[in-house]
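Data first, discussion second: the structure below is written as structure tokens.
The values are calculated or read from the model by the stated rules, or taken from the named source; none is laboratory data. Just so it is clear, the structure is predicted and the values come from calculations on it, not from any experiment. Cβ coordinates were reconstructed from backbone atoms using ideal geometry, including for glycine residues, and neighbour counts include every protein chain displayed. In case anyone asks, the SASA skips ligands and DNA or RNA and just uses the protein heavy atoms, side chains included. Shrake-Rupley method; radii C 1.70, N 1.55, O 1.52, S 1.80 Å.
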Amino acid sequence: MCGIVAYVGSKDAAPILLEGLQRLEYRGYDSAGLAIVNKTLRTRKVKGRVADLAAAVPARFKGGVGIGHTRWATHGVPSDVNAHPHVDGAERVAVVHNGIIENADELRAKLTVDGATFTSETDSEVLAHLIARTVKDTDSLEEAVRTALKRVVGTYGIAVLDAERPGEVVVARNGSPIVLGIGEKEMFAASDVAALVRYTRQVVHLEDGELATIKADGFHTFTMDATETAKEPLTVDWDAGHYDTGGYEHYLLKEISEQPETVARTLRGRVDDRFHIAHLGGLNLTPHETRAFRRVKIIGCGSAYYSGQIGAQLVEELARIPADAEPASEFRYRNPVVEHDTLYVAISQSGETYDTLAAVQELKRKGGRVLGIVNTVGSAIARECDGGIYLHAGPEVSVASTKAFTSTAVAFALLALHFGRVHDLSPADGRRICEGLRRLPAQIEEILAKDDEIAGLARKYADHAGMMFIGRVRGYPVAREGAQKLKEISYVHAEAYPASELKHGPLALIGPDMPTVAIVPDDELLDKNLTTLGEIRARGGRVLMVGHRAADPRLADDCVVVPKNETELDPILLTIPLQLLAYHAAVALDRDVDKPRNLAKSVTVE
Ligand code: G6P
């Protein structure tokens, strides 16, 4: 989704901004632009890729202060004119904006009466006009930005440039992230640390309602009423290398292939072989508080939600605490009943998803206790929660989530083990789970070694208009994630159903043109699942089975056999062939694997 980069220093801003924008491409966008100050304000913006913008920037686009943006259209079609930065009529102020200005129409009408002429259809352009009106009178960009933002209703991360003040950029945050990067006699700001790590790993995250002025020699932060705030810089663990494809053809394949290591990182230092428990230092819960929870409610969006369904299953099985998962985007709008003895768990790879953040804020407002299972350290959701577990999976760049999904499921296994051992999970069962967790990385390697076999199956099945994914109980969230992966990146229609529900409706779709991917673990439901396969085959349906043993050819056309772990942990491994299946189907269909159409990596708007 939209991205912001800003630079102030002695180097040329344009190449740094373009580099930063390239690092933000993974988030999804449709146009890009930048503005620099060199005596006057100079802007370039284009519909299309950052490479198109780079080609449109003249060689003599010099200046040591600038702002850049990648836009993901909300108000107005993707076009050169609607791309950011937006400038006022006098071309003094330039603004880049992430988020949505809800009272834009009203502000636009008032500004028009005052003589402003609008050139774009965006809500963001009002910011440039509003700030320009005040800056003329105050001679302080900070004050002009604060004054303008007081009139704004909505969400924003912004960076503002004033042609008359070429040594500074003012940034502000309300619901859309802004992070400052501290360099040597230079300062950066961006909406995502990905844009900064090539230049610095010292960062400062702004809070909602906070602003900052960055200059070459430093920064200061303040609130909307001009009160200075004190900030401690954080050191980012990730470096620029984490954002490269590392020799793989796509980020997605790189991230799928990293899973033995990323799962190991999620586990590192957290499995205790003496008491067969999990060490989760960030939970901020005493054993007494942990025992007091009678329910666990999990929220997240997209793949995060599906990993939460695996998490709910793990919590119920290992801790025998009722648990369920719900899309955060639904939860926040239904005036949820918040109970004091329920533990809420918010999941997010990016830590920025607006619906999840808003759901956490709603929970906090009602006094709910919220843990975050988050990948991005210091992100908005991580900071909003009372405690949590970081995944340590490293940056996930491809839009479709893979390694964050498996790491989240592993984090839930640790959480469920922790709860279970505080309740009634026996030391023997605790040991069994600890040992199972330790086996995961090597077993993931075994599955990855089947890449060629799965690529062949993907080519065989990819040319169908639609596919059904089914699973029972533990297999159902796996089926949902498998269908999600396939539809996201290959655009093949994929539906996921509980295997038990097939005969209550979707069986009508089954026939030679609608193959089924069936998740069939070796668990207590094996016979039920095999019966379902028989029902599909009886209707002429083709079956690709993903399970723990070779399929009876009467029940399945094809089969991917994955190594068996402990039954509770099997869903983690069963997911991986489905990631590879979707990846190879997308490649076979020549899709833009890492940047699927219409989607964004971090959905920072409602
Ligand atoms: C977007 C992405 C999905 C992701 C979801 C939640 O929709 O396209 O891949 O699962 O957001 O993202 P989060 O960063 O909160 O895990």
Task: Filter result (within 14 Å of the ligand (Cβ to nearest atom) and either touching an Asp or Glu at 6+ places or on another chain (Cβ under 8 Å) or open to solvent by 10 Å² or more (accessible area, probe 1.4 Å) (or both)) within segment 365-381 - done: Gly372, Asn375, Thr376, Val377, Ser379, Ala380, Ile381
Open item on the list: Quick test for you: out of Thr200, Thr221, pick the one residue that is part of a strand (DSSP E or B), more than 19 Å from the chain's Cα centre (by Cα) and of a type in the set (Ser, Thr, Tyr).
Closed with: Thr221
Open item on the list: So, His418, is that one over 16 Å from Ser602 (Cβ atoms), in a loop (DSSP other than H, G, I, E, B), open to solvent by 10 Å² or more (accessible area, probe 1.4 Å) and of a type outside the set (Asp, Glu) or not?
Closed with: no
Task: Filter pass, Val345 being within 14 Å of the ligand (Cβ to nearest atom), surrounded by fewer than 24 Cβ atoms within 10 Å (Cβ to Cβ) and not in a helix (DSSP H, G or I) - done: no
Open item on the list: Among the numbered criteria (1) without any contact (Cβ under 8 Å) to a residue 12 or more places away in the chain; (2) of a type in the set (D, E, K, R); (3) not in a helix (DSSP H, G or I), which one does Glu352 miss?
Closed with: (1)
- [ ] Look at Glu384 and say whether it is within 14 Å of the ligand (Cβ to nearest atom), farther than 28 Å from His250 by Cβ and among the acidic types (Asp, Glu).
- [x] yes
Open item on the list: Regarding segment 333-341, can at least one residue be identified that is within 14 Å of the ligand (Cβ to nearest atom) and either modelled with pLDDT under 95 or open to solvent by less than 10 Å² (accessible area, probe 1.4 Å) (or both)?
Closed with: no
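So that you can scan it fast, the table gives a plain yes or no per residue for (1) buried (at least 22 other Cβ atoms within 10 Å of the Cβ); (2) of a type outside the set (Asp, Glu); (3) in a loop (DSSP other than H, G, I, E, B); (4) away from the ligand (no atom under 16 Å from the Cβ):
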position	(1), (2), (3), (4)
Pro15	no, yes, no, yes
Leu34	yes, yes, no, yes
Ile67	yes, yes, no, yes
Val81	no, yes, yes, yes
Thr112	no, yes, no, yes
- [ ] Hey, can you tell me all the residues within segment 462-475 that are under 24 Å from Leu526 (Cα atoms) and either crowded, with 23+ Cβ neighbours inside 10 Å or not aliphatic (A, V, I, L, M) (or both)?
- [x] Met467, Met468, Phe469, Ile470, Gly471, Arg472, Arg474, Gly475
- [ ] Determine which member of the set Val546, Val520 is touching a Pro at 6+ places or on another chain (Cβ under 6 Å), modelled with pLDDT of 95 or more and either surrounded by 15 or more Cβ atoms within 10 Å (Cβ to Cβ) or charged (D, E, K, R) (or both).
- [x] Val546
Open item on the list: Being open to solvent by 10 Å² or more (accessible area, probe 1.4 Å) and in a helix (DSSP H, G or I) is the filter here; which residues of segment 133-168 pass it?
Closed with: Arg133, Thr134, Lys136, Asp137, Thr138, Glu142, Glu143, Arg146, Thr147, Lys150
Task: Close pairs (6 angstrom Cβ cut-off, 6 or more residues apart or separate chains): part of a loop (DSSP other than H, G, I, E, B) in segment 388-403, within 9 Å of the ligand (Cβ to nearest atom) and of a type in the set (A, V, I, L, M, F, W, C) anywhere - done: Ala393/Ala404; Glu396/Ala404; Val399/Leu599
Task: Total residues in segment 224-240, condition of a type outside the set (Ser, Thr, Tyr) and in a strand (DSSP E or B) - done: 2
- [ ] Would you please name the residue that is surrounded by the most Cβ atoms within 10 Å (Cβ to Cβ), looking only at residues in segment 438-461 that are assigned to a helix (DSSP H, G or I) and free of Cβ contacts under 8 Å to residues at least 12 places away in the same chain?
- [x] Gly456
TODO: Determine whether Gly20 is within 23 Å of Gly175 (Cα to Cα) and of a type outside the set (A, V, I, L, M).
DONE: yes
Task: Which numbered condition Phe419 fails, given (1) over 26 Å from the mean Cα position of the chain (by Cα); (2) over 23 Å from His288 (Cβ atoms) - done: (2)
- [ ] Considering (1) over 30 Å from Gly28 (Cα atoms); (2) in contact with an Asp or Glu (Cβ under 6 Å, 6 or more places away or on another chain); (3) not hydroxyl-bearing (Ser, Thr, Tyr), say which one Arg133 fails and leave the rest.
- [x] (2)
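This table checks each residue for (1) within 16 Å of the ligand (Cβ to nearest atom); (2) under 30 Å from Val410 (Cα atoms); (3) in contact with a Phe, Trp or Tyr (Cβ under 7 Å, 6 or more places away or on another chain).
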| residue | (1), (2), (3) |
| --- | --- |
| Pro506 | no, no, yes |
| Thr531 | no, no, no |
| Arg537 | no, no, no |
| Gly541 | no, no, no |
| Asp558 | no, yes, no |
| Asp570 | no, yes, no |
| Ile576 | no, yes, no |
| Asn598 | yes, yes, no |
| Lys601 | yes, yes, yes |
TODO: Determine, yes or no, whether Lys62 is open to solvent by 40 Å² or more (accessible area, probe 1.4 Å), closer than 24 Å to Phe219 by Cβ and not hydroxyl-bearing (Ser, Thr, Tyr).
DONE: yes
Task: Subset of segment 527-541 that is in contact (Cβ under 8 Å) with a residue 12 or more places away in the chain and out of contact with any helix residue (DSSP H, G or I) (no Cβ under 8 Å at 6 or more places or on another chain) - its residue that is most open to solvent (accessible area, probe 1.4 Å) - done: Arg537
Open item on the list: What are the pairs with Cβ atoms under 8 angstrom where one residue, in segment 207-227, is within 12 Å of Val170 (Cα to Cα) and the other, located anywhere, is among the acidic types (Asp, Glu) and open to solvent by less than 60 Å² (accessible area, probe 1.4 Å)? Sequence gap at least six, or different chains.
Closed with: Leu211/Glu142; Thr213/Glu142; Thr213/Glu168; Ile214/Glu168; Lys215/Glu168; Thr221/Glu210; Phe222/Glu142; Phe222/Glu210
